[in-house]
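Okay, structure first, notes after.
The values are calculated or read from the model by the stated rules, or taken from the named source; none is laboratory data. Given the structure is predicted, the values throughout are model-derived calculations rather than measurements. Ideal geometry is used to build each Cβ from the backbone, glycine not excepted, and the neighbour counts take in all protein chains shown. In case anyone asks, the SASA skips ligands and DNA or RNA and just uses the protein heavy atoms, side chains included. Shrake-Rupley method; radii C 1.70, N 1.55, O 1.52, S 1.80 Å.
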Amino acid sequence: MNSLWNDTDAAQYSDELELRAYTSRLLGQNPALVLHGGGNTSVKVAQTNIFGEDEAILLVKGSGWDLATIKPAGFTALRMAHLLKLSKLERMTDLQMMTELAVAKINPEAPAPSVEAILHGGLPYKWVDHTHANAIVTLTNTPEGEARIRECFGDRLVIVPYIMPGFDLAKLTLQCYAAQVNPRTVGIVLMSHGLFTFGDTAREAYERHIALVTEAETYIRAKSQEPRTKNQHS
């Protein structure tokens, strides 16, 4: 898999939201990463509120928008302070979560935010990319999936057991991140779900994603060429 990043194209975008939409489209236009409108992306920014105060904001993909064609209007601005408080709760129903995410919106008319907004907000990185990459899911959706992820990536990825998307997933992922993060961490694998990458720049988060998926593709090809044992034939 090749990076589609183009310096000339990227230079056309004058602000972080436009750049966020650009790299989101790079992900969304690759069917090996995103199908049927899946995946979500975010960027953390500072905005001045009506009181003249700087406020930390999460711009996250809105529900109903497709990463392949998303524009700046497809991102919803949420107050980070509210998201971080939500991430500290022990439990919350998904209905409560969606209500609270609506409360966190800067613009009430903006689209409903991604169900994974709390997870995006809780990760301590400016740019966050999430897809359901074919190669990653090919590795995770096997009985020995965690061992294969470890064999392929070592300790560079935080591994999160499968759980349905929603508040419980956000809570578990942030707990696993806190327990497993190390200086080599470049992403998170959600078992039977997909991949998160992050970075200080849009390019870093995107190209980490492409590099990790490429490693998974290479690993799968190598394994498929290994001689099969007698038990594998039976």
Checklist outcome for this item: A correct Karplus calculation of ³J(HN,Hα) over the range 76-90, with 6.51 cos²θ - 1.76 cosθ + 1.60, θ = phi - 60°, whole Hz and x for Gly and Pro, returns 10, 8, 10, 6, 4, 4, 5, 4, 5, 5, 4, 5, 8, 5, 6
Checklist entry - Ignoring ligands, DNA and RNA, what percent of the 1.4 Å accessible area of the range 108-191 is carbon and sulfur? => result 59
Item to check | For GLU146, solvent-accessible area (1.4 Å; no DNA, RNA or ligand), Å² | outcome: 100
Checklist outcome for this item: Plugging the Cβ-Cβ distance of GLN96 and ASP7 into 1/(1 + (r/R0)^6) at R0 = 41 Å yields, to the nearest 0.05, a FRET efficiency of 0.40
Item to check | J(HN,Hα) series, the range 164-179, from Karplus relation 6.51 cos²θ - 1.76 cosθ + 1.60, nearest Hz, glycine and proline x | outcome: 4, x, x, 4, 4, 5, 4, 4, 5, 5, 5, 5, 5, 4, 4, 7
Checklist entry - Considering the zone a paramagnetic label at THR214 would reach in this model (a point 7 Å from Cα along the Cα-to-Cβ line), which residues of the range 1-25 have amide N under 16 Å from it? => result 1-7
Checklist entry - How many times 2.2 N^0.38 Å is the alpha carbon radius of gyration of the chain? => result 1.04
Item to check | Computed [θ] at 222 nm, helices only, for the chain once each DSSP H run of length n ≥ 4 contributes -39500 (n - 2.57) | outcome: -12500 deg cm²/dmol
Checklist entry - Tilt of helix 94-104 relative to the longest C-alpha principal axis of the chain, in degrees (0 to 90, nearest 10)? => result 40
Checklist entry - Of the heavy-atom accessible surface of the range 1-73 (probe 1.4 angstrom), what whole percent is carbon and sulfur? => result 51
Checklist entry - In Å², what does the accessible area per residue of the chain work out to with a 1.4 Å probe? => result 49
Item to check | GNM result for the chain, Cα springs below 10 Å: residue of LEU27, LEU195, LEU139 fluctuating most strongly | outcome: LEU139
Item to check | Gaussian network model of the chain, springs between alpha carbon atoms under 10 Å - residue of PRO124, PRO183, PRO165 with greatest fluctuation | outcome: PRO183
Checklist entry - So for the range 155-234: antiparallel DSSP bridges make up what percent, rounded to the nearest 5? => result 50
Item to check | For the range 94-132 versus the range 1-50, the gap between their alpha-carbon centres in whole angstrom | outcome: 16
Item to check | Residue among HIS132, THR76, GLN47 farthest towards the positive dipole end of the chain, charges placed on Cβ | outcome: HIS132
Checklist entry - Does the range 48-124 come out rounded, prolate or oblate, given a ≥ b ≥ c as the square roots of the eigenvalues of its C-alpha gyration tensor, rounded meaning a/c under 1.5 and, failing that, prolate meaning a/b above b/c? => result oblate
Next on the checklist: Please return the longest range in the chain lying between exposed loop sites, taking trypsin sites (Lys or Arg not before Pro), DSSP loop only, at most 12 other beta-carbon atoms within 10 Å, and leaving the sites out.
Outcome noted: 92-183
Item to check | Accessible surface, 1.4 Å probe, highest first, among residues TRP5, TRP65, TRP127 | outcome: TRP65, TRP5, TRP127
Item to check | Phi-based couplings in Hz for the range 63-72 (Karplus 6.51, -1.76, 1.60; Gly and Pro marked x) | outcome: 4, x, 9, 9, 4, 5, 10, 4, 10, x
Checklist entry - Got a sec? Which residues in the range 105-148 would a label at GLN175 touch, if it sits 7 Å along Cα→Cβ and we count backbone N under 20 Å? => result 116-124, 146
Checklist entry - Efficiency by 1/(1 + (r/R0)^6): what FRET value for GLN225 and SER192, r their Cβ-Cβ distance, R0 = 25 Å, to the nearest 0.05? => result 0.50
